[in-house]
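Notes follow the structure.
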Amino acid sequence: MDYIFTITKTRTPKAKPDETKLGFGNYYTDHMFIMDYDEESGWHDGRIVPYGNLSLDPAACTLHYGQMTFEGMKAYRNPEGDICLFRPEMNAKRMRNSNKRLCIPEIEEGLFVAAVKALVDVDRDWVPSVQGTSLYIRPFIISPEPSMAVHPASRYIFAIILTPVAAYYAGNDKELHGSRIWVEEEYIRAAVGGTGFAKCGGNYACAMIASANAKKHGCDEVLWLDAKEHKYVEEVGTSNAFFLIGDTVVTSSLTGSILPGVTRDSTLQLLKKWGYKTEERLVEISEVLEAAENGSLKEAWATGTACVISPIGVLNYRGKEYSINGGEVGELSQRLYDSIYGMQTGICEPEIEGWVVPV
Ligand SMILES: *Cc1c(COP(=O)(O)O)cnc(C)c1O
């Protein structure tokens, strides 16, 4: 199906930033995508317009009760200069699931992907080409409806904005290295039955205090434990967690409190293809710490769109430090990074067909 969006180009294009000093989310491109929803017309009037402020009634219900969802994905420029997305239909599918949980009308996957492609195409000159850089894509949905009543809104805005970004590694943006992770026992991110599997603002608002706490303890990020027993490993900050124990790669199963990462899924599929034993199951923190002590924990890493693969060098549990692989980047972490990043940037052929989608 073809989707038609109207395009209004800016008459005042911005100067492009220095590609070697992008940081994360410091610059926004010339255009944005906007689409409206109301009960009569459904999602309608998809359009690309000059980047600019949204005008909201101060009573807009998203501002008060947090009914919103978002996504995060990247466009990369390959060595030939072409622009590609990585598994964008996975983000489309996940946003539908997030919307269902937040009582927001779903957006059909084809429409979501078409909107992302159309906007990236209009701002294609903004996709940077310096090693490690990319164009970060942020689709999100809010409601502009003025209401103090706590109930699902009847009007929504779907928007997409773009920001050229540098490579991102926890605590250091220069190169892949082992990060220091605080095992969090006081605060929780999400409980089963809650919104942990959805990308919605509230999950992040409630998590910031723990990241700050981790930094106070000299760590880069937190390792979340389950809400009920504080016994099982869940995620690392805003990334999924993997452990190579003996010859098996284990990661937490999707219990409902875990965000189903696209990078998590890609990692599992690659590992299976490469012949590794993988297990998605409940992973006890005590099992991980024992494995670290007896040497069977060979590697650990976090996966996510922002970092791709971020190796874990040290776990800090109740003030005691557990070093993993001597704090160094492990072989498998490096191989996964090289493979996934290589596919995304077009340096390597896609290992699995259909993962790299041209714009
Ligand atoms: C977005 C996110 C991830 C990673 O998902 P990707 O699709 O791989 O980027 C993991 N955990 C949380 C909490 C997230 O918000």
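Listed values, structure above:
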{"quantity": "Segment 28-52, subset in a strand (DSSP E or B) and in contact with a Ser or Thr (Cβ under 6 Å, 6 or more places away or on another chain), residue surrounded by the fewest Cβ atoms within 10 Å (Cβ to Cβ)", "calculated": "P50"}
{"quantity": "Unmet requirement for N240, which otherwise passes all of (1) under 30 Å from I104 (Cα atoms); (2) out of contact with any helix residue (DSSP H, G or I) (no Cβ under 6 Å at 6 or more places or on another chain)", "calculated": "(2)"}
{"quantity": "Test: residue in segment 235-247 that is assigned to a loop (DSSP other than H, G, I, E, B) and under 16 Å from S286 (Cα atoms)", "calculated": "yes"}
{"quantity": "Residue match in segment 215-226 (condition: more than 15 Å from the ligand (Cβ to nearest atom), farther than 19 Å from H177 by Cα and crowded, with 19+ Cβ neighbours inside 10 Å)", "calculated": "no"}
{"quantity": "V233 being modelled with pLDDT of 95 or more, touching a helix residue (DSSP H, G or I) at 6+ places or on another chain (Cβ under 8 Å), of a type in the set (V, I, T) and farther than 22 Å from G218 by Cβ", "calculated": "no"}
{"quantity": "Count of residues meeting criterion [touching a Ser or Thr at 6+ places or on another chain (Cβ under 6 Å) and farther than 20 Å from L63 by Cβ] in segment 192-221", "calculated": "3"}
{"quantity": "Filter result for V233 (over 27 Å from I141 (Cβ atoms), β-branched (V, I, T) and either in contact (Cβ under 8 Å) with a residue 12 or more places away in the chain or within 15 Å of the ligand (Cβ to nearest atom) (or both))", "calculated": "yes"}
{"quantity": "Residue count, segment 89-112 (criterion: in contact with a helix residue (DSSP H, G or I) (Cβ under 6 Å, 6 or more places away or on another chain) and buried (at least 19 other Cβ atoms within 10 Å of the Cβ))", "calculated": "3"}
{"quantity": "Checking P260 against (1) in contact with a Leu (Cβ under 6 Å, 6 or more places away or on another chain); (2) more than 11 Å from the ligand (Cβ to nearest atom); (3) part of a loop (DSSP other than H, G, I, E, B), the condition it does not meet", "calculated": "(2)"}
{"quantity": "Unique match (being touching a residue at least 12 places away in the same chain (Cβ under 8 Å), within 16 Å of the ligand (Cβ to nearest atom) and touching a Pro at 6+ places or on another chain (Cβ under 8 Å)) among V127, V113", "calculated": "V113"}
{"quantity": "Flag for G246 being among the small types (G, A, S) and more than 22 Å from C307 (Cα to Cα)", "calculated": "yes"}
{"quantity": "Residue ID - nearest to the ligand (Cβ to nearest atom), chosen from residues in segment 187-214 that are among the hydroxyl-bearing types (S, T, Y) and over 21 Å from P139 (Cα atoms)", "calculated": "S211"}
{"quantity": "Matching residues, segment 273-309, being in a loop (DSSP other than H, G, I, E, B) and within 16 Å of the ligand (Cβ to nearest atom)", "calculated": "V283, T305, A306, C307"}
{"quantity": "Filtered residues of segment 248-257 (kept if within 12 Å of the ligand (Cβ to nearest atom) and either outside any loop (DSSP other than H, G, I, E, B) or surrounded by fewer than 24 Cβ atoms within 10 Å (Cβ to Cβ) (or both))", "calculated": "T251, S252, L254"}
{"quantity": "Some residue of segment 310-331 being under 26 Å from S98 (Cα atoms) and either crowded, with 19+ Cβ neighbours inside 10 Å or in contact (Cβ under 8 Å) with a residue 12 or more places away in the chain (or both)", "calculated": "yes"}
{"quantity": "Selected residue [surrounded by fewer than 23 Cβ atoms within 10 Å (Cβ to Cβ), away from the ligand (no atom under 11 Å from the Cβ) and under 17 Å from Y337 (Cβ atoms)] from L270, L244", "calculated": "L270"}
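Listed here are the residues, each with its yes/no results for (1) in contact with an Asp or Glu (Cβ under 6 Å, 6 or more places away or on another chain); (2) surrounded by 15 or more Cβ atoms within 10 Å (Cβ to Cβ); (3) more than 30 Å from Y322 (Cβ to Cβ).
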site: Y156; (1), (2), (3): no, yes, yes
site: Y187; (1), (2), (3): no, yes, no
site: G196; (1), (2), (3): no, yes, no
site: Y204; (1), (2), (3): no, no, no
site: N213; (1), (2), (3): no, yes, no
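The values are calculated or read from the model by the stated rules, or taken from the named source; none is laboratory data. Values in this document were obtained by computation on a predicted structure and should not be read as measured data. In this analysis, Cβ positions are derived from the backbone assuming ideal geometry, glycine residues included, and neighbour counts consider all displayed protein chains.
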